[in-house]
1. All other residues with a Cβ under 12 Å from the Cβ of Gly159 taken together, and with Lys, Arg as +1 and Asp, Glu as -1, what is their net charge?
2. For helix 44-53, report the angle its Cα long axis makes with the longest principal axis of the Cα atoms of the chain; keep it between 0 and 90° and round to the nearest 10°.
3. Where both residues lie in the chain, what percent of DSSP beta bridges are antiparallel, nearest 5?
4. For region 211-217, what does the Karplus curve 6.51 cos²θ - 1.76 cosθ + 1.60, with θ = phi - 60°, yield as ³J(HN,Hα) per residue in whole Hz, taken in order and with x for Gly and Pro?
5. Can you send over the carbon and sulfur percentage of the accessible area for region 37-170, probe radius 1.4 Å, protein chains only?
6. Under a point spin-label approximation (7 Å from Cα along Cα-to-Cβ), what is the Asn228-Asp155 distance to one decimal in nm?
7. Tilt of helix 173-182 relative to the longest C-alpha principal axis of the chain, in degrees (0 to 90, nearest 10)?
8. Name the long-range amide H neighbours of Ile59: under 5 Å, sequence gap of 5 or more, or other chain; modelled H, no Pro or chain starts.
Amino acid sequence: MTADFHMHTQASDGRLTYQDVIDEVKAQGLEVFAITDHDTTVDTAKQLAYAKKRGLKMIPGIELSTEHLGKSVHVLGYFKGEGYQSPGMLAYAKELKEKRERRAKAMIKRLKEYHDISITYDDLLRHANGVIARPHLAKAINERYPKLTHDEIFDTLIGNDSKVYIPTAKMSTEEGIAFLKSHGAMVILAHPRLIHKKAHDAVLELPFDGIEVYYPRHDDTHRERYLNHAKAKGWVISAGSDYHGIPGDTKHGHIGDERLSGEALEHFLSVLNA
């Protein structure tokens, strides 16, 4: 068996429906996968039903936006039972959705103020079917200003260091880990190479169950480092493409670009099912 445990749909910042994503999982010859939309599990039950119809084993998942030492840390949760549809999890998703909507409206105002870029909230909504995120904003900008590419928009207009950027409302990483575990999830640190150096080493000492070793933006040196760290901690290792379905996307991979198999996959599933 082979698995890809990190991908997104229109429920958060992916471009494709969950049906299209699952169909691509099937086309890439994967047997096991997880959809890990940002801060929401509202579509998970429907995703599971469609995956079963396609003869695939889907692990219910989520990617939480958290913060440690003032820096962004993404936390992947993989549910052992039905905690993904508990009242607490659904309430969290609803609250985050509302906060992201307010954030998006504020960023639209800043785009006009700082860059004379004019888009409306309705422009944004044409590209967002669930949780609103920056890729939706980028798509709305590109629609109005087609000379600007997706990467240019992120790098010059709405990146983390831009005047337009407003951080998402985040719980602490420790809170995120505890929150997911309280809902029956195995907790994996996502793409550690992308964590700011100020917080990187401290984050690696938090009580995760595992770490995403195989990731498109991890080079061989990083993979070796995180693999050794996982062995030292007794952690599960994971692999994820972080697929978003964005044409020309250079920041994420395609489904199946990163795969977990063999003993590593067996260990992942045994810990998940323990």
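The values are calculated or read from the model by the stated rules, or taken from the named source; none is laboratory data. All values reported here derive from a predicted model rather than from experimental measurement. Glycine also receives a Cβ, built like all others from the backbone with ideal geometry; neighbour counts cover every protein chain displayed. Only protein heavy atoms, including side chains, enter the accessible area calculation; ligands, DNA and RNA are left aside. Shrake-Rupley method; radii C 1.70, N 1.55, O 1.52, S 1.80 Å.
1. Values: positive: Arg134, Lys163, Lys251; negative: Asp151, Glu152, Asp155, Asp161.
So the environment of Gly159 carries a net charge of -1.
2. Long axis of 44-53 versus the principal axis of the chain: about 60 degrees.
3. On the way: 15 of 29 bridges.
The answer is about 50 percent antiparallel.
4. The phi angles translate into 8, 7, 7, 9, 8, x, 9 Hz.
5. On the way: 3250 of 6510 Å².
The C+S portion of the solvent-accessible surface of region 37-170 is 50 percent.
6. Taking the simple label geometry, Asn228 and Asp155 are separated by 3.2 nm.
7. With both axes taken from Cα atoms, the answer is about 50 degrees.
8. Phe33, Ala34, Ile35
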